[in-house]
Amino acid sequence: MTKHTTHKARVIFHIDMNCFYASVEVAHNEALKGRALAIAGNPEERKGIIVTSSYEARAKGVKTTMPLWEARKLCPELIVLRPNFDRYRQASKQLFKLLTNVTPLVEPVSIDEGYLDVTDVTADPVALAEALQKKVLHTLNLPCSIGIGPNKFLAKMASDMKKPLGITILRKRDLPVTLWPQPVNIMYGVGDKTAEKLQSIGVTTIGELAKADVYALKQVLGINGERLKNRANGIDSRMVDPDAVHDFKSIGSSQTLSHDTTDEKEIIALMTQLSENVSRRLKRKQAAGRTVQVMIRYSDRQTVTRSRKLQAYIESPNDIKHIACDLFFQHWNSEPVRLIGITMQDVSEKTAIAYQLDLFTYKKEEQKAKLQSVVTDLSKKFGPDTFKQVKESNQDNDIRTSFQKDFLDDFKHE
Amino acid sequence: MKFTIQRDPLIASIQDVAKAISPRTAIPILTGMKLDVRQHGVTLTGSDSDISIESFIPAEENGIVQVENIEEGSIVIQSKYFTEIVRKLPEQTVEIDVDDSLKVTIRSGKAVFNLNGQDASEYPQLPKVETDDSFSVDTTLLKHLIKQTVFAVSTMETRPILTGIKCQMANNVLNFTATDSYRLASREIPVDHTSLEFTCVVPGKSMNELHKILDDSEENVEISITKNQILFRTKHLSFLSRLLEGNYPETSRLIPDDSKTVIHAKTKQLIQTVDRASLLARTNDNSVVKLVADQDGFIEISGYSQDIGEVSEEVQVSGIDGESLNISFSSAYMLEALKAIDAEDIKIEFTGAMRPFIIRPENDQSVLQLIVPVRTF
């Protein structure tokens, strides 16, 4: 064994909240404790699907993405709540704040999971994990599972092994017994498509992947094939990066229609809404993008994505919608559409973008800049709190079932 | 039809005329080159219906016989093959023969080519430019006018009118202006002996081709303009181009006429400095560089590229007047403008970080290069 490598073996935690939305609801209302609980989108429409559910509901067969009516059939006593994102966001912020008390090396991955590099924390990792789990349970009233491993991948796989309130250690030497007999699709990073491709070269278990021929893997999966093989062997060199959440190359929004449609008006209405979502999120990140991608999923689940690279960076809902609609109608085959997605790619923060002014419009831009420089000057004079960026209202009036982790950007500054 | 011709003048003419011929054209016969053979000489014609070029090879010039054994007639020959064949013929003399069934025979030395020709009467009639209103410009000057402006035309079809050069004659001054809305290039020259006044927009592509085929040894170019055509004529060459329709936007009032900071510099030094700064500014599309001038007259140009590195260099200038300055612009536009300006010493006039700045030769108001800066957030 290469115990005497130059760098110290790392200790990584993956913390995963158990049934996060449902748990937060229970924490808010003790009466819900021990009941079959589900969070679902708009119950009147088809998109009223289960977003998450409590373990009591799961015991009855309720699953995420199941339509409500089906869940109700399986579990008639099911209590259904609409998502309350403000509440979840709040809880998530508190969670990550608590985690940064352990180590500054916290990388939020999503609203309810994150990695911690505790290599330099002088404490027994298991005792540390136990203390952390208890602290989260007592101060936030929320259950979590913690995976401990020498790298991100193993920590992540470990946290999945025992739920709720589990603490699992996954070492490299455990792999042949723990992971290798399992089907390859339980591996983080292997979706249906990848599993299918792996099957085509005779790889169905993680163990087979670990021993598979790199060349054959590259043939079907490209560079990712080699990466997955390494993971299956417990090798993952990714660092825990507290700033990873700031790196973003794309920002998107997609939505399933309440019924499959060919109605152009309906489609345009949805495109408008999606463009506004994307624009709002760009604004929140102070960013702009240069490639617009449109995804169309038809009623037979056929999915096409088409994108266009632009000359200039755009950020306004109108600009995004204009390009997106153009793309959509250029590539739509007039079959009924189930889902539409719009994604801005090539996204950069505005500070890194140079905007070529135009001879015919520079005077307008100049006015804008003047205002901005006044703001900057006054802020310099009276402090950064002189002006507040007017943020969109935090109220989620329209029920969305997806969740953006943008808010995690600034959990540290609060 | 039949004639014997010297190969060199034929090649020269073919090369000029071929510039107007496009392999992709709506009218198939336009992929051909038309030859009209008369006792006084041979005329070659090529056209893509936007541009038409005619080149005349006189039977005798300066006492040298170029075309002989002439039997008059006309024929259209596939341009692609004709051009290559003539270029590769072994001997100095070329004999071309067309029979009644439009079969073309090209002979030189022991090489014989047989080509199928097309009936010249099917070749479209080129528009006749019927006007007496013409004026004359020195060829070298005209080439300068084109070269100093044509690079600034827009390559985007979103605003078609900007793909052309605006040519304007007023008060015996001929002005060429081109802009793609990010930079603008303008040059004017005095024109004597004419009372003509006009404004027209000539496609940038036409001007580029014209620039290529105009021979510096020619003294003058005769220019005539009709409603939708412009004709440039030298002794043996006619170049006819369609004009762009539409109104060219008014640009004169967009050019700042006051200045807050003026920099005087050596063109060559500035080109080299900007070029060096742009080395590390290539990741963004416009290769944006930054120019900072402080009140003490210290000027620095810098380039920066995420993940790669940065560069900064103090600019050697001959002088600086006015306010301090911090402005970013595309190094590509800057380099093109500086190279086009054709003067050893220049002055750059700035009116602010968000406003276009102007580059002119020192002591010469006839050339103007304008660049719209880049706004950094």
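Readers should treat all values here as calculations from the given coordinates under stated rules, not as data from a laboratory. Bear in mind that the values here come from a model prediction, so they are computed numbers and not experimental data. Using ideal geometry, Cβ is built from the backbone for each residue, glycine included, and neighbour counts are taken over all protein chains shown.
Charge tally around B:Val104: other residues with Cβ under 15 Å, Lys/Arg +1 each, Asp/Glu -1 each, net -3. The listed peptides B:274-280, B:178-184, B:127-133, A:97-103, ordered by packing as a protection proxy, come out as B:178-184, B:274-280, A:97-103, B:127-133 (highest mean of other Cβ atoms within 10 Å first). Reported value for the range A:253-382: 124 Å³ per residue, from the convex hull of its C-alpha atoms. Just check the range B:134-242 against the gyration tensor rule for me: Cα atoms, a ≥ b ≥ c as the square roots of the eigenvalues, rounded for a/c under 1.5, and otherwise prolate or oblate depending on whether a/b exceeds b/c. The shape class here is prolate. Across the range B:58-104 the C-alpha pair distances fall into 5 Å bins from zero in the proportions 5, 14, 22, 25, 25, 8, 2, 0 percent.
Computed from the C-beta positions of A:Lys364 and A:Ile235, the FRET efficiency with R₀ = 45 Å rounds to 0.25.
Reported to the nearest whole Å, the Cα centre-to-centre distance from the range A:22-97 to the range B:146-198 is 68. Charge dipole of the range B:134-242 (Cα centre as origin; +1 on each Lys and Arg Cβ, -1 on each Asp and Glu Cβ, all else neutral): 420 debye, rounded to the nearest 20. Cross-linked pairs B:Lys166/B:Lys268; B:Lys266/B:Lys347; A:Lys63/A:Lys162; A:Lys193/A:Lys218: Cα-Cα separations exceed 20 Å for B:Lys166/B:Lys268.
Taking Cα pairs under 8 Å and at least six residues apart, what relative contact order does chain A come out at, in percent?
Worked out over chain A, it gives 15 percent.
In straight Cα distance, which aspartates and glutamates are under 15 Å from B:Lys103, not counting same-chain residues fewer than 8 positions off? Straight-line reach from B:Lys103, under 15 Å: B:Glu95, B:Asp119.
Mean-square fluctuations from a GNM of chain A, with a 10 angstrom spring cutoff on Cα atoms, peak among A:Ala27, A:Ala131, A:Ala158 at A:Ala131. For the peptides A:284-292, A:137-145, B:101-109, the ranking by packing is A:284-292, A:137-145, B:101-109, with the highest mean count of neighbouring Cβ atoms within 10 Å listed first.
For the residues of A:197-204, the average number of beta carbons from a partner chain within 10 Å of their own beta carbon is 0. Using alpha carbon centroids, what distance separates the range B:1-72 and the range A:248-290, in Å? So the two Cα centres are separated by 60 Å.
Projected onto their three principal axes, the Cα atoms of chain B cover extents of 81, 51, 41 Å, largest first. Taking a ≥ b ≥ c as the square roots of the Cα gyration tensor eigenvalues, with a/c under 1.5 meaning rounded and otherwise prolate when a/b beats b/c, else oblate, which class fits the protein assembly as shown? Prolate. Exposure proxy shown here: for B:Asp294, A:Asp174, the number of other Cβ atoms within 10 Å sets the order, fewest to most, as B:Asp294, A:Asp174. Averaged over peptide B:369-376, the number of partner chain Cβ atoms lying within 10 Å of each residue's Cβ comes to 5.
Taking the Cα atoms only, what angle lies between the long axis of helix B:79-88 and the longest principal axis of chain B, rounded to 10 degrees? Taking Cα atoms only, the helix is inclined about 80 degrees. Cross-link partners for A:Lys368 among the aspartates and glutamates, with Cα-Cα distance under 20 Å and sequence neighbours closer than 8 places in the same chain left out: A:Glu315, A:Asp319, A:Glu349, A:Asp358, A:Asp377.
Going by a ≥ b ≥ c, the root eigenvalues of the Cα gyration tensor, does chain A fall in the rounded group (a/c under 1.5), the prolate group (a/b larger than b/c) or the oblate group? In terms of gyration-tensor shape, rounded. Shielding value for B:243-256 is 1, the average number of Cβ atoms from other chains within 10 Å of each residue's Cβ. Rg then Dmax, both in Å and based on the Cα atoms of the range A:57-116: 16.2, 46. The chymotrypsin sites (Phe, Trp or Tyr not before Pro) found in the range B:40-123 include none that occupy coil by DSSP while having at most 16 further C-beta atoms within 10 Å. Among the lysines, which fall within straight-line cross-link reach of A:Lys363, defined as a Cα-Cα distance under 21 Å, with same-chain neighbours fewer than 8 residues apart omitted? Those lysines meeting the cut-off are A:Lys350, B:Lys260, B:Lys290. The Cβ shell under 10 Å around B:Tyr333 holds other residues with a net charge of -1, Lys and Arg each +1, Asp and Glu each -1. Once you reduce the range B:243-269 and the range A:105-167 to the center of their Cα atoms, the two points are 63 Å from each other. As a rough guide to protection, the peptides B:193-202, B:324-333 ranked by mean Cβ packing within 10 Å, highest first, stand as B:324-333, B:193-202. Net charge in the neighbourhood of B:Ser134 (other residues with Cβ under 12 Å of its Cβ; Lys, Arg +1, Asp, Glu -1) is -3.
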